[in-house]
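Novice: Here it is, the structure, as structure tokens.
The values are calculated or read from the model by the stated rules, or taken from the named source; none is laboratory data. Computed from a predicted model, the values in this text were never measured in an experiment. So basically every Cβ, Gly included, is an ideal-geometry build from the backbone, and we count neighbours across all protein chains shown. Ligands, DNA and RNA are excluded from the accessible area calculation, which covers all protein heavy atoms including side chains. Shrake-Rupley method; radii C 1.70, N 1.55, O 1.52, S 1.80 Å.
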Amino acid sequence: MSGKTKAARAPSEGLGAAKRLVVKIGSSLLADEAKGAIRHDWIAALAEDVAELRRRGRDVVLVSSGAIAIGGTQLGLAGGAMKLEEKQAAAATGQIRLAHAYQEALERHGITVAQILLTLDDTVERRRYLNARSTIDTLLRLGAVPVINENDTVATNEIRFGDNDRLAARVAAMISADTLVLLSTVDGLYTADPERDPNATLVTEVRDITPEITAMAGDAPPGYTSGGMVTKLEAAKIAQTAGCAMVIVDGRRMRPLSALAAGAPSTWFLPKGEPRSARKHWIAASLKPAGVITVDDGALKALRNGKSLLPSGVTAIEGAFERGDAVSVATTGAEEVARGLSAYSAADARRIMGHKSREIQQLLGYRGRDEMIHRDNLVMLIDGGNEPGS
Ligand code: GLU
């Protein structure tokens, strides 16, 4: 709900509380709509903001769109709807110019820019995910500013994000960022479309993305494959569950990050808990569970309070999994509520389910862990999960 619930971080604290930020920049901010030319003055002003944050010891990652818009003009493709392969060709051309524009602007502040092109798979497949994360971590440690975009050349429809809102949210989750800023062409989420409804008001704070909030975003405009409020809410969900705050603010003004820090109108989506460890993010987002562990109400309550799963609260085991495999945790009503790595194989788990942990040695003939899934290896999937008292 929007409103006055106890917030992990009040909007008034805003950007000041951010230590590791991901800033997403939309195409329309970067490219002059009529001419498709790069707006160097805007980028130069943004670079001032980034430099200021860096001076204060903040980590900054930019996720920038614009390659297709800029490249399209360059190749004479702009004006009509581009086919996928034309977009890919446009991105290949535009990306060089885009990266160069950032390099030039940030170099003036002595900041090194690094280009990273990702696909959806890179945030899902374990090995690639780990590589991407450690590269970004290393760059940040060395003082560089990564500029990320989707690798449009290889990303076909089935495997592409298609929109940088969600890409930016995935990146934020991947690197355990605490703040995601979406620089947009609107102030934030309105109760209704402000262009059509004069009574529409700006929602300044969203805690949960309820059906009421989703309804405010309306439908994606026809023909749109990316952008719009719908994908921003999708991004917000990813960010929130990763423990990352997200804010939407109008980026058309010069130095939009300073404006945000100074209290420009915006919508903050509050995080659920602290940024998850990268390991937990990976457990939640990337694994195909090899089985299902059903738990009783008492165990469910314990999990919601951030406790580990003990064998005593388990009522059924499905599937054939080994120790260390990913499993789903479900209620007796078959609702998946969590995911985790099982400390026992399915066969052993069946033997110890419903029993006290101290009986494990007797039942299995060896002394295994007290927990069937340790809390460090467990991620709640449903709203309010893992937050004490929810
Ligand atoms: N990757 C696309 C580009 O650079 C942008 C996707 C989006 O705007 O969300 O042009």
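Novice: Rg to Rh ratio, the stretch 54-147, alpha-carbon atoms and Kirkwood radius? Walk me through the numbers on the way to the answer.
Specialist: On the way: Rg = 15.4 Å, Rh = 14.7 Å.
Rg/Rh for the stretch 54-147 comes to 1.04.
Novice: Still on this structure, please answer the following. Which value, in Å² and to the nearest 10, is the accessible area of Arg108 when all protein chains are kept and the probe is 1.4 Å?
Specialist: 150 Å²
Novice: Then there's this: According to the square roots a ≥ b ≥ c of the eigenvalues of the Cα gyration tensor, what is the shape class of the stretch 84-131, taking rounded for a/c under 1.5, prolate for a/b larger than b/c otherwise, and oblate for the remainder?
Specialist: Working: a/c = 5.23, a/b = 1.27, b/c = 4.12.
In terms of gyration-tensor shape, oblate.
Novice: How do Met174, Met254, Met82 rank by accessible surface area computed with a 1.4 Å probe, from largest to smallest?
Specialist: Descending accessible area places them as Met254, Met82, Met174.
Novice: Figure the gain on full extension for Arg126 and Arg369 (residue separation times 0.36 nm, minus the Cα-Cα span) and round it to one decimal in nm. Could the numbers behind the result be given before it?
Specialist: Working: separation 243, 0.36 × 243 = 87.48 nm, distance 2.55 nm.
Stretched fully, the Arg126-Arg369 segment lengthens by 84.9 nm.
Novice: Show me, for the stretch 80-95, the HN-Hα J-couplings you get by feeding each phi into the Karplus relation (A = 6.51, B = -1.76, C = 1.60, θ = phi - 60°), rounded to Hz, glycine and proline as x.
Specialist: x, 6, 8, 6, 3, 5, 6, 4, 5, 5, 4, 4, 4, 7, x, 4
Novice: May I pose another question? Can you tell me which of 237-250, 40-53 comes out highest on packing, and rank the rest after it, using the mean Cβ neighbours within 10 Å? The partial results should precede the final answer.
Specialist: Working: 237-250: 25.5, 40-53: 18.9.
Averaged packing, sorted descending, gives the order 237-250, 40-53.
Novice: Stretched out fully, how many nm does the piece from Gln361 to Glu195 gain, at 0.36 nm a residue minus the Cα gap?
Specialist: Values: separation 166, 0.36 × 166 = 59.76 nm, distance 6.71 nm.
The Gln361-Glu195 span can extend by a further 53.0 nm.
Novice: What are the ³J(HN,Hα) couplings of the stretch 118-132, residue after residue, when phi is run through the Karplus curve with 6.51, -1.76, 1.60 and θ = phi - 60°? Round to Hz, x for glycine and proline.
Specialist: Ordered by residue, 3J(HN,Hα) equals 10, 10, 3, 4, 5, 9, 10, 6, 3, 5, 5, 4, 5, 4, 4 Hz.
Novice: Determine the percent antiparallel among the DSSP beta bridges restricted to the chain, to the nearest 5.
Specialist: Expressed as a percentage, antiparallel bridges in the chain total about 40.
Novice: Follow-up. Which order, highest average first, do 322-333, 160-171 follow once you tally other Cβ atoms within 10 Å for each residue and take the mean per peptide? Working shown, then result.
Specialist: On the way: 322-333: 17.4, 160-171: 25.1.
Ranked by mean Cβ neighbours within 10 Å, highest first: 160-171, 322-333.
Novice: Also, I was wondering about something else. Take the solvent-accessible surface of the protein heavy atoms, probe 1.4 Å, and return the percent of it on the chain that carbon and sulfur atoms account for. Working shown, then result.
Specialist: Working: 8710 of 17850 Å².
Carbon-and-sulfur percentage of accessible area, whole number: 49.
Novice: Multiply the residue separation of Ala261 and Leu202 by 0.36 nm, subtract the distance between their alpha-carbon atoms, and state the gained length in nm to one decimal.
Specialist: Numbers: separation 59, 0.36 × 59 = 21.24 nm, distance 1.77 nm.
In short, 19.5 nm is gained.
Novice: Roughly how compact is the chain, stated as its Cα Rg over 2.2 N^0.38 Å to two decimals? Don't jump to the answer; show the numbers that get you there.
Specialist: Numbers: Rg = 22.9 Å, N = 390, 2.2 N^0.38 = 21.2 Å.
Normalised Cα radius of gyration, the chain: 1.08.
Novice: To continue, here is another question. Under the √(5λ) rule applied to the eigenvalues of the Cα gyration tensor, what semi-axes describe the equivalent ellipsoid of the stretch 326-371? Give them in Å, descending. Mind showing how you got there, number by number?
Specialist: Numbers: eigenvalues 96, 25, 15 Å².
Rounded to whole Å, the semi-axes are 22, 11, 9.
Novice: Based on the alpha carbons, how large is the Rg to Rh ratio for the stretch 126-180 when Rh follows Kirkwood?
Specialist: Details: Rg = 11.9 Å, Rh = 12.2 Å.
Result for the stretch 126-180 is an Rg/Rh of 0.97.
Novice: Among 55-65, 359-369, how do they line up by average Cβ neighbours within 10 Å per residue, starting with the highest?
Specialist: Working: 55-65: 20.0, 359-369: 13.2.
Sorting 55-65, 359-369 by mean packing, highest first, produces 55-65, 359-369.
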